[in-house]
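Presented below is the structure to which this report refers.
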Amino acid sequence: MNDFMTLVLEAATNPDLVSDEAARVRERLARVDLLAVTMPVYVDEHGHERYRVRPSREEFEKARKAAGKGTPLSDIVSEERGE
């Protein structure tokens, strides 16, 4: 019984758990609205919890372009090694 309860709790709270038995337990828990669904949140600059939302395509492209600028890590490592 302890093993089953452990499996139920794991299946209800761990979305990364992927075994056939766990999937069946998760399905049963979902049917009776007992499955824990996590929502990624963050704390904003004012200390309020906010739900994360996927960035727009434009925001993603802007961030991707910005990430491609600057000094490559390999150059920094080489400098530190004196190469």
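Read-outs: derived from the displayed coordinates by stated rules, not from any lab. If you're wondering where the values come from, they're calculated on a predicted model, not measured in any experiment. So basically every Cβ, Gly included, is an ideal-geometry build from the backbone, and we count neighbours across all protein chains shown.
Once the other residues with Cβ under 15 Å from the Cβ of residue 56 are scored (Lys, Arg +1; Asp, Glu -1), what is the net sum?
Values: positive: 52, 54, 57, 62, 64, 65; negative: 58, 59, 61.
Value of the local net charge: +3.
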Among [x] 65; [y] 42; [z] 27, the entry derived from the coordinates for percent of Cα pairs over 20 Å apart: [x]
Rounded to whole Hz, the Karplus (6.51, -1.76, 1.60) HN-Hα couplings of region 75-82, x for glycine and proline: 5, 5, 5, 4, 4, 5, 7, x
Karplus-derived 3J(HN,Hα), 6.51/-1.76/1.60, for each residue of region 24-34, Hz, glycine and proline x: 5, 5, 4, 4, 5, 5, 5, 4, 9, 6, 10
